[in-house]
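Data block below; observations after.
The values are calculated or read from the model by the stated rules, or taken from the named source; none is laboratory data. Fair warning: this is a prediction, and the values are worked out from it, not measured in the lab. In this analysis, Cβ positions are derived from the backbone assuming ideal geometry, glycine residues included, and neighbour counts consider all displayed protein chains. Areas reflect the complete protein model, heavy atoms only, side chains present, ligands, DNA and RNA absent. Shrake-Rupley method; radii C 1.70, N 1.55, O 1.52, S 1.80 Å.
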Amino acid sequence: MEIINAFVIIAAVVILSGLIAYIGDRIGMKMGKKRVSLFGLRPRYSSIIITIVTGILIAVLSVTILLAVYSELRQALFNINDVLTRLEYLNEELQNRDQELAAKDKELNKKDQELSSLQQEIETKEQQITEKEAEIAAREKEIAKRDQEIAAVEKELDELSQNRNELQNRVNELSSQRDELETQVSDLQQQISELEADYDKLREVANQLQAGVIYYMGEDMVYQKGDIVYTDTLEGGRSEQETISALNKYLQAANKVALQKEIEVNQDTGMALRLQTEDILNAARIIYNMEPGSRVIVSLIARVNVPKNDWLYANFQLYEDFKVFEQGQLISSREISAEQSSKEIETELEALLQDINEKAISQGLLPDNSGQVGSINFSQFYDLVNRVRAASGKVRISIYADADIWRQDRLNDNLKFDLEELNPESENTGRKADNNE
């Protein structure tokens, strides 16, 4: 409706302006024809004045109509400074709003990022929930399966319960039979006791006979079956030629040791050992196939009892060599009271040495034919006894490896004995005595 009114006003202004221009033109023409003079001016200038006045009337009329119709235009025209001030204020307000809007946009972007992160986390949680739900479903299936198994077991238990009475009757019958069997066992035990007494007598006679046989056979035996003829360490993983050369040197050294016994010797080759070619090749193959730098203990073992002047048949035994004890490693220790008698101290030390022997064998040290891995001599042993007796109170004897000990080594010269007095009342508490034996 306002748009229609505006067009009506504009049309009216245009019509009135045209009408005023027409009237002014007609007046100007008439005054020009009649050569009318205004204010004493020439007609030409009078016509110009009339034209100017007409234009002024048109402008005044147009502005008057617009100001009369539009109060906003009237206020804007007469209050232009206020409008400009208001416009500047609105511009500043608009800039502030723009800055706030930019801050809000930045905050909104940050919130969008947080929302995206939360959305991703939610998706991760949903995936975990899905996996957990799948796991729960699998567990539920397993539980259902277990329930079926339990039901089957319960059914079986019901069947067993039904048979319980029958089993109880059977148990009663077996109990009666057990009583009868116990009576028979008692009779048999008495018979066994009598037989054991006879067995002990027969065993004593057999031991005597065996001792006699061993004595008379041992006189003529150079090697017993299983005796070690020769032992040495070879390096594994070398070339084929080096392995064969090392094994030949080993066999020559073993043959020299065997020749020290009274056994049969091949006069053509000078060999006293009887070895199978297949065994030699097998030993060479094993040594050759070992890791480079590794060591192997090669032993020749008597295959059978070897009487004097008979052939020495032997087999190979190969053991991987390794370091059993590091230098300075504690092998065993024992606390002994120095107040005991010499006999009791000797018994304690013998038990300690036996413990070392068993521990060394369990760790991999190879025993000799007597099942030992070494011993200390008589003077060393009693020197240790005297050192214990010279102490007071409790004494801890610690035995260490004096050097690196490998599987084929003996303990004889590779042990170090440390003595430490433990008596708190002694002035020499904590004193150590070192002896490299």
* Does the stretch 352-367 contain any residue that is more than 28 Å from residue 230 (Cα to Cα), of a type outside the set (D, E, K, R) and at pLDDT below 85? -> yes
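So which strands (runs of 3 or more DSSP E) stay within the stretch 291-406 end to end and still have 2 or more residues that are open to solvent by 70 Å² or more (accessible area, probe 1.4 Å) and basic (Lys, Arg)?
Details: elements: 295-302, 312-321, 323-325, 330-337, 394-401.
Once the strands (runs of 3 or more DSSP E) in the stretch 291-406 are filtered for at least 2 residues that are open to solvent by 70 Å² or more (accessible area, probe 1.4 Å) and basic (Lys, Arg), what remains is 394-401.
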* Asked: When you go through (1) within 25 Å of residue 234 (Cβ to Cβ); (2) among the small types (Gly, Ala, Ser); (3) modelled with pLDDT under 85 one by one for residue 375, which number turns out not to apply?
  -> (1)
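Working only within the stretch 268-290, note down all residues that are open to solvent by 60 Å² or more (accessible area, probe 1.4 Å), among the β-branched types (Val, Ile, Thr) and within 55 Å of the chain's Cα centre (by Cα). Can you show your working first?
So in the stretch 268-290, the residues open to solvent by 60 Å² or more (accessible area, probe 1.4 Å) come out as 268-269, 271, 274, 276-278, 281-282, 285-286, 288-289.
Still in the list and also among the β-branched types (Val, Ile, Thr): 269, 277, 286.
Scanning the stretch 268-290 gives 277, 286.
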* To do: Filter the stretch 224-256 down to residues that are in contact with a Gly (Cβ under 9 Å, 6 or more places away or on another chain), open to solvent by less than 50 Å² (accessible area, probe 1.4 Å) and not polar (S, T, N, Q), then give me how many there are.
  => 2
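Return the residue satisfying two criteria in turn: it lies in the stretch 291-308 and is small (Gly, Ala, Ser) and within 20 Å of residue 231 (Cβ to Cβ), and of such residues it is farthest from the chain's Cα centre (by Cα). Full working, then the answer.
Applying the first criterion (small (Gly, Ala, Ser)) to the stretch 291-308 yields 293-294, 299, 302.
With the extra rule that they be within 20 Å of residue 231 (Cβ to Cβ), the set shrinks to 294, 299, 302.
On the way: 294: 29, 299: 42, 302: 49 Å.
If we take residues in the stretch 291-308 being small (Gly, Ala, Ser) and within 20 Å of residue 231 (Cβ to Cβ), then 302 is farthest from the chain's Cα centre (by Cα).
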* To do: Give just the number: which of (1) at pLDDT 85 or above; (2) within 30 Å of residue 221 (Cβ to Cβ) does residue 332 not satisfy?
  => (2)
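Evaluate the following for residue 298: is it β-branched (Val, Ile, Thr) and farther than 13 Å from residue 247 by Cα?
no
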* Of the residues that make up the stretch 5-16, is at least one part of a helix (DSSP H, G or I), modelled with pLDDT of 75 or more and open to solvent by 80 Å² or more (accessible area, probe 1.4 Å)? -> yes
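Taking residue 53, is it within 30 Å of residue 19 (Cα to Cα), at pLDDT below 85 and assigned to a helix (DSSP H, G or I)?
On the way: within 30 Å of residue 19 (Cα to Cα): yes; at pLDDT below 85: yes; assigned to a helix (DSSP H, G or I): yes.
Answer is yes for this residue.
I want to confirm something. Restricting to the stretch 407-421 and keeping residues that are among the acidic types (Asp, Glu) and assigned to a loop (DSSP other than H, G, I, E, B), which single residue is most open to solvent (accessible area, probe 1.4 Å)?
The first filter runs over the stretch 407-421 and keeps only residues among the acidic types (Asp, Glu), leaving 409, 413, 418, 420-421.
Of the ones still in play, those that are also assigned to a loop (DSSP other than H, G, I, E, B) are 409, 413.
On the way: 409: 39, 413: 114 Å².
Out of the qualifying residues, it is 413.
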* Selection count where residues are under 37 Å from the mean Cα position of the chain (by Cα) and open to solvent by 90 Å² or more (accessible area, probe 1.4 Å), scope the stretch 141-160 -> 4
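If you check residue 376 against the conditions, is it among the β-branched types (Val, Ile, Thr) and in contact with a strand residue (DSSP E or B) (Cβ under 6 Å, 6 or more places away or on another chain)? Talk me through it step by step, then tell me what you get.
Numbers: among the β-branched types (Val, Ile, Thr): yes; in contact with a strand residue (DSSP E or B) (Cβ under 6 Å, 6 or more places away or on another chain): no.
No, not satisfied.
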* Scan the stretch 96-113 residue by residue and report those that are under 44 Å from the mean Cα position of the chain (by Cα) and open to solvent by less than 80 Å² (accessible area, probe 1.4 Å). => 112
* To do: Output the residues belonging to the stretch 414-432 that are modelled with pLDDT under 75 and in contact with a strand residue (DSSP E or B) (Cβ under 9 Å, 6 or more places away or on another chain).
  => 423, 428, 429, 430, 431, 432
* To do: Might you let me know whether the stretch 229-246 holds any residue that is modelled with pLDDT of 85 or more, touching an Asp or Glu at 6+ places or on another chain (Cβ under 9 Å) and among the charged types (D, E, K, R)?
  => yes
